[in-house]
Amino acid sequence: MRALASPAIHLMNRLKYPQKFLLISMLFAIPLLIVLTQFLVNLEADVRFSAEERIGLEYNAPLIHLLALVQRHAALISAARSGVPNLDPELTATQQAIAAQVQRVEAINAELGDRLKVSQDWEQVREALPTLETTSEQHLAISSAILALITQVGNNSNLILDPDIDSYYLMNSVITTLPLTTEYFSQLRTYGVAAIAQGALSDSDQTRLTILAGLAASALEANMRSYRYTFDFNSTVAAQLSPESDANYAALSALLDLIRQTFDDLPASNLSAAEYLDQSTRAIDGSFALYSQVAAELDRLLDIRISSMVNNRAVILSITALTLAATVYIFIGFYLSVQKTISAMQSAADSIVNRDMPGDLVLESRDELAKAAVAFNNVAKNLDLARREAVEATRMKDLFLATMSHELRTPLNAMIGFVTLMLYSGQLNEDNTHMAERAFANTQRLLTLINNILDISRIATGGMDIVPGAVSLRDIAAGLFNDLKPQADEKSLRLELVYDDQIPKTINHDETRLTQIVTNLVSNAIKFTEKGTITMGFRRRDDQLIIQVSDTGIGIPQSKQHLVFDDFFQVDGSSTRKQQGAGLGLAIVKRLVLLMRGTISVSSEVDKGSTFTVEIPLDLPPYETNTPINRLDQVFVDRLNAPGSAR
């Protein structure tokens, strides 16, 4: 499992917490946005689909009314030609109504015809309308064209593809079964009124009426089946349409019974053509009235569907927005919690660096990171306690060394004085003189060691101050060259002085400590150089004084260069080493450089030599006694932060 997750671990280990949170947020947000976008696109498509259905209903509404007028006109023309009196006013009114209805269809076609791709179909219907004054066959052709146009509108407006059961079967009624039912009953009305007016039926008329009656009955049953499916699925629609649909079914069924009874024995029938025209027209008009109610109910269902989808979209967007807001809120809280924990850990670390004891860490979070932070704080407290104990132990050690060094120097100075008197008394033979000289050299080396220990102790305990004053660095450099050249000459080494003329004649510095730094560096170089050249250089870089001491000595291994400034460190720590010394010279140099707010570094290569570079301010500001930089704990912290470092 860990191997599988290693790429993710590798990635996370290289990111900061803001980047991690951003990456995780994007990984969650991008798929969510893709899914949400796809959902909204599909929902919008469904809304447009249902809106297109309503457009189909809007276009068909005047067409259905035109169909009713054309069918009525056909019946009136047939009745008038068969001798039914007093029909001219109604014929004229119907023709005027047809003309007005054509204008309404024209208007709706101008608005929606191109969108539904039925403009050309309507043009064909409109061009055929002037033939209404001719035969019943022309009426039939026009009615068929209008029925075909109604079906085409249903196809192009998605009505025939409606996805819901209730609205689908209502659509089936308004597009197919109900208009077809009215057409069959209209033809029964047209041909029947002529037959009754003539009082006889030919065989062809009998066959035609029989076929039409069968088709009308089948269409009526098909229409009722659509209603039954709808009513079984949707009780609300049933409550709205069931009474009207049942009444229409009963009226048309009664008309069918009347037609069968009349035409089975036409000569014996007492039904007049006018009465037949009136009864059949009322039944057919009831079908068109039912059509208006069904179309209105279908439009209501479509409107409810569209409103529901729009509301669902709003709800989903709201829920998504709230979820995202809550997620962002939680993420921000999580991020701030992590940052708070990390800040607490950083504060504990800063307390160590600033030499302050970290307090008890109390976090509201109970997660693993918080536990780690508490553990780190406890470690920090223990480490700070250990540091303080070490500082105190070091202070006591340095105090002890300072005291002992002072006590040792007093008798040692007396011994040096006595040995000096013996050497210059002229009363010693050669052997005794040699022994006295050895005693003098050893007491001098011991005094140097004690002085170095005393200097280390004074620096660590804050007893040594930097006292700047106006000095001539050129004079100091010349004096150091003259003082150190005899040491180099004793080992046949060449001592060179390089001085930058850009250094001001007078600088503000501590001559004693500056001399001590250069003396220790050059003495150290002479000690570890058997042949070649020692170079001490002084140059200026901006407001910094650069002191460099280079040699061609034995060099320092790379692995030990970071240790050369530690107390009592010897590159060759064996008991058989050639060079004498306690390993305090460079440690004193480093501490003096730190007191001057400077840096020291070393570059070296074995058997080729070493170069020590000191960088200190060209002019020192006034120093106050016991400033924080002079205290032992600051030196201790510097060594904690970069053990053995020159900085």
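The values are calculated or read from the model by the stated rules, or taken from the named source; none is laboratory data. From a predicted model like this one, the values you see are computed outputs, not experimental measurements. Every residue, glycine among them, receives a Cβ derived from its backbone with ideal geometry; neighbour counts consider all protein chains shown. To get the accessible areas, we keep the full protein, side chains included, count just its heavy atoms, and leave off ligands, DNA and RNA. Shrake-Rupley method; radii C 1.70, N 1.55, O 1.52, S 1.80 Å.
The residue pairs whose first member lies in the stretch 246-274 and is under 23 Å from Ser173 (Cβ atoms) and in contact (Cβ under 8 Å) with a residue 12 or more places away in the chain, whose second member is open to solvent by 60 Å² or more (accessible area, probe 1.4 Å) and not in a loop (DSSP other than H, G, I, E, B), and whose beta carbons are closer than 7 Å, counting only pairs six or more residues apart or on different chains, are Leu255/Gln279.
Out of Ser574, Ser601, I need the residue that is at pLDDT 50 or above, surrounded by fewer than 19 Cβ atoms within 10 Å (Cβ to Cβ) and either in a loop (DSSP other than H, G, I, E, B) or of a type outside the set (Asp, Glu) (or both). Which one? None of the other options fit; the residue is Ser601.
Restrict the check to the stretch 228-244 and report whether at least one residue is touching a residue at least 60 places away in the same chain (Cβ under 8 Å), assigned to a helix (DSSP H, G or I), within 60 Å of the chain's Cα centre (by Cα) and within 30 Å of Trp122 (Cα to Cα). Within the stretch 228-244 (the criterion being touching a residue at least 60 places away in the same chain (Cβ under 8 Å), assigned to a helix (DSSP H, G or I), within 60 Å of the chain's Cα centre (by Cα) and within 30 Å of Trp122 (Cα to Cα)), the answer is no, since none of the residues qualifies. Of the residues screened, Thr151 is not one that is part of a helix (DSSP H, G or I) and under 30 Å from Leu271 (Cα atoms).
Residue-by-condition table, conditions (1) more than 26 Å from Tyr191 (Cα to Cα); (2) of a type in the set (Val, Ile, Thr):
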residue: Gly56; (1), (2): yes, no
residue: Tyr59; (1), (2): yes, no
residue: Leu63; (1), (2): no, no
residue: Val84; (1), (2): no, yes
residue: Arg104; (1), (2): yes, no
residue: Gln124; (1), (2): no, no
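Taking every residue in the stretch 416-433 that is without any contact (Cβ under 8 Å) to a residue 40 or more places away in the chain and surrounded by 15 or more Cβ atoms within 10 Å (Cβ to Cβ) and pairing it with any residue that is assigned to a loop (DSSP other than H, G, I, E, B) and of a type outside the set (Lys, Arg), at least 6 positions away or on another chain, the pairs with Cβ-Cβ distances below 9 Å are Met422/Leu428. Of the listed requirements (1) open to solvent by 60 Å² or more (accessible area, probe 1.4 Å); (2) at pLDDT 90 or above; (3) out of contact with any Asp or Glu (no Cβ under 7 Å at 6 or more places or on another chain), Pro31 misses just one: (2).
Please go through the stretch 474-497 and give me each residue that is open to solvent by 50 Å² or more (accessible area, probe 1.4 Å) and either under 25 Å from Leu595 (Cα atoms) or in a helix (DSSP H, G or I) (or both), ordered by number. Once the filter is applied, which keeps residues that are open to solvent by 50 Å² or more (accessible area, probe 1.4 Å) and either under 25 Å from Leu595 (Cα atoms) or in a helix (DSSP H, G or I) (or both), the stretch 474-497 yields Arg474, Asp475, Asn482, Asp483, Lys485, Pro486, Gln487, Asp489, Glu490.
Of Leu57, Leu67, all but one fail to be in contact with a Pro (Cβ under 9 Å, 6 or more places away or on another chain) and at pLDDT 80 or above; the exception is Leu67. Against the criterion of being over 29 Å from Tyr249 (Cβ atoms) and in a helix (DSSP H, G or I), Leu129 qualifies.
Only one of the numbered conditions (1) under 30 Å from Leu277 (Cα atoms); (2) surrounded by 12 or more Cβ atoms within 10 Å (Cβ to Cβ); (3) charged (D, E, K, R) is not met by Lys20, and that is (1).
If you check Gln240, Gln187 for being at pLDDT below 95, touching a Lys or Arg at 6+ places or on another chain (Cβ under 9 Å), open to solvent by 60 Å² or more (accessible area, probe 1.4 Å) and polar (S, T, N, Q), only one passes: Gln240. Thr181 falls short on exactly one of the conditions (1) open to solvent by less than 10 Å² (accessible area, probe 1.4 Å); (2) not in a helix (DSSP H, G or I), and that condition is (2). Whether any residue in the stretch 347-356 is open to solvent by 40 Å² or more (accessible area, probe 1.4 Å), within 30 Å of Leu447 (Cβ to Cβ) and at pLDDT 70 or above is what I want to check. Within the stretch 347-356, none of the residues are open to solvent by 40 Å² or more (accessible area, probe 1.4 Å), within 30 Å of Leu447 (Cβ to Cβ) and at pLDDT 70 or above. Listed by first and then second residue, the pairs with beta-carbon distance under 7 Å, at least 6 apart or on different chains, first residue in the stretch 314-334 and under 20 Å from Phe21 (Cβ atoms), second among the small types (Gly, Ala, Ser), are Phe331/Ser25. Which one is farthest from the chain's Cα centre (by Cα), of the residues in the stretch 452-473 that are open to solvent by 40 Å² or more (accessible area, probe 1.4 Å) and modelled with pLDDT of 70 or more? Per the criteria, the residue is Ala470. Inside the stretch 34-84, residues that are of a type outside the set (D, E, K, R), in contact (Cβ under 8 Å) with a residue 40 or more places away in the chain, under 17 Å from Asn311 (Cα atoms) and open to solvent by 10 Å² or more (accessible area, probe 1.4 Å) make up a count of 7.
The residue that is nearest to Val41 (Cα to Cα), among those in the stretch 288-320 that are among the hydroxyl-bearing types (Ser, Thr, Tyr) and open to solvent by 60 Å² or more (accessible area, probe 1.4 Å), is Ser318.
A Cβ distance below 6 Å, combined with a sequence gap of six or more or placement on separate chains, defines the contacts here; from the stretch 293-304, residues that are closer than 18 Å to Pro243 by Cβ reach no residue that is outside any helix (DSSP H, G or I) and β-branched (Val, Ile, Thr). Of Asn312, Asn382, Asn413, Asn378, all but one fail to be modelled with pLDDT of 70 or more and closer than 30 Å to Glu53 by Cβ; the exception is Asn312.
Residues Thr190, Thr210: which one is in a helix (DSSP H, G or I) and within 27 Å of Leu91 (Cβ to Cβ)? Criteria check complete, one pass: Thr190.
Suppose we filter Ile165, Ile142 for residues that are hydrophobic (A, V, I, L, M, F, W, C), surrounded by fewer than 16 Cβ atoms within 10 Å (Cβ to Cβ) and touching a residue at least 40 places away in the same chain (Cβ under 8 Å); which single one remains?
Ile165
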